[in-house]
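Any read-out appearing in this document is the output of simple, stated calculations on the displayed coordinates, not a laboratory observation. Not measured: the values here are computed from a predicted model. Glycine gets a Cβ as well: all are built from the backbone with ideal geometry, and neighbour counts include every protein chain shown.
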Amino acid sequence: MYLYQHQFVPKEEVAISPDDRGYYFGDGIYEVFRVYNGELFEAEGHYRRLEKSAADVRICLPYSIKELHEKLIELIQLNHLQEGTVYIQVTRGSALRSHPFPSQPEPVLMAFTTEMQRPIHKMDQGITAVTADDIRWLRCDLKTLNLLPNVMAKQDALDRGADDVIWHRNGTITECSASNFMLIKNGELWTHPANNLILHGITRDVVLKLARQLQLEVHETPFLLDELKLAEEAFITGTTVEITPVISIDNVPIAQGLPGPITRQLQQAFRKHIGLA
Ligand code: PMP
């Protein structure tokens, strides 16, 4: 079942108009929640980010967060979801194609669940990445539907024989196409600060908290492309990828091309955090 506006309906009954501004302009926002063991993971963080995205693009959410939470729990139960994700998007609604906001916008909300296991193999073995110019706009902190740069970059990475892209803006590493990027240098953790140039990942927050608990020195400080060469370890963080090691960048192995010990320690702490031993 899908949540469509205020109802639960089969997918075929989600009747979104071809005039929906999400379709014309990418004029909408979204969130992806993780569900572990039938429960929403870090729900408050996702709601806060959804509210922030909505406020900054001036879309009025059709529900209060309390109501939305109740609806999402009902959706998870209706779909008998144990392990997977909940996707929710809210667009500015439909109107004849024209740039200005409709005078009386009626936002359209749609949510569905997807079954998905934890990506054990990739978390264990690691992934490869290539670097590329971050050509996105200057509000990457908003989770909007405009993902063409992310889609293009991911496909370019795959075409170059890698699993993902690591973006840099004028030489400063920002993040990846659907995850945040972190590296370990001199035994300390480095990641881009949570400003307008990256998405403020919910997993990023969890991992930084766990890192501090493990007495790791954490730098939320910009670092340069050149510093990738000095990395002892590197990994990405995200709702679906959790903590996935990066074992080579631009065909150069990180350390010995194997996931490093600090990455393993953080993965272990993360497993514990989500209720696995
Ligand atoms: N950056 C980008 C560009 C993303 O799309 C995502 C995935 N939502 C992330 C970072 C990671 O965010 P989160 O940990 O909240 O999934």
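Annotations for the structure displayed:
- Dipole magnitude for the chain: about 260 debye, using +1 per Lys or Arg Cβ and -1 per Asp or Glu Cβ, origin at the Cα centre.
- Stokes-Einstein D for segment 1-155, Kirkwood Rh over Cα pairs, 37 °C, 0.692 mPa s (µm²/s): 193 µm²/s
- Cα centroid of segment 82-157 to Cα centroid of segment 1-68, whole Å: 12 Å
- When only the Cβ of Lys, Arg, Asp and Glu is charged (+1, +1, -1, -1), the dipole of segment 179-220 relative to its Cα centre reaches about 80 debye.
- Enclosed volume per residue, in Å³, of the convex hull spanned by Cα atoms of the chain: 132 Å³
- Distance (nanometres) between label positions extended 7 Å along Cα→Cβ at ARG97 and LEU214: 5.0 nm
- When the pairs LYS229/LYS272; LYS71/LYS143; LYS122/LYS229; LYS154/LYS185 are compared against a 29 Å limit on Cα-Cα distance, LYS229/LYS272 fall above it.
- Here is the result for segment 241-277: no trypsin sites (Lys or Arg not before Pro) lie in DSSP coil with at most 11 other C-beta atoms within 10 angstrom of their C-beta.
- In degrees, nearest ten, helix 148-159 long axis to first principal axis of the chain (Cα): 40 degrees
- When each of the peptides 37-44, 245-252, 213-220, 11-18 is scored by how many other beta carbons lie within 10 Å of its residues on average, the order from highest to lowest is 245-252, 37-44, 213-220, 11-18.
- Take the Cβ atoms of THR240 and ASP205, set R0 to 22 Å, and the FRET efficiency comes out at 0.85.
- Under 18 Å from LYS66, Cα to Cα: lysines that are on another chain or at least 8 residues apart: LYS52
- The trypsin sites (Lys or Arg not before Pro) of segment 186-217 include none that DSSP puts in a loop with a beta carbon having at most 12 other beta carbons within 10 Å.
- Projecting the Cα atoms of TRP137, HIS121, GLN213 onto the charge dipole of the chain, computed from C-beta unit charges around the Cα centre, puts GLN213 farthest toward the positive end.
- Förster radius 35 Å - calculated FRET efficiency between LEU224 and GLN125 (Cβ-Cβ, nearest 0.05): 0.80
- Rounded to the nearest angstrom and listed largest first, the equivalent-ellipsoid semi-axes of segment 188-277 from its Cα gyration tensor are 20, 17, 12.
- Computed about the Cα centre, the dipole magnitude for segment 133-189 is approximately 160 debye when only Lys and Arg (+1) and Asp and Glu (-1) carry charge, each at its Cβ.
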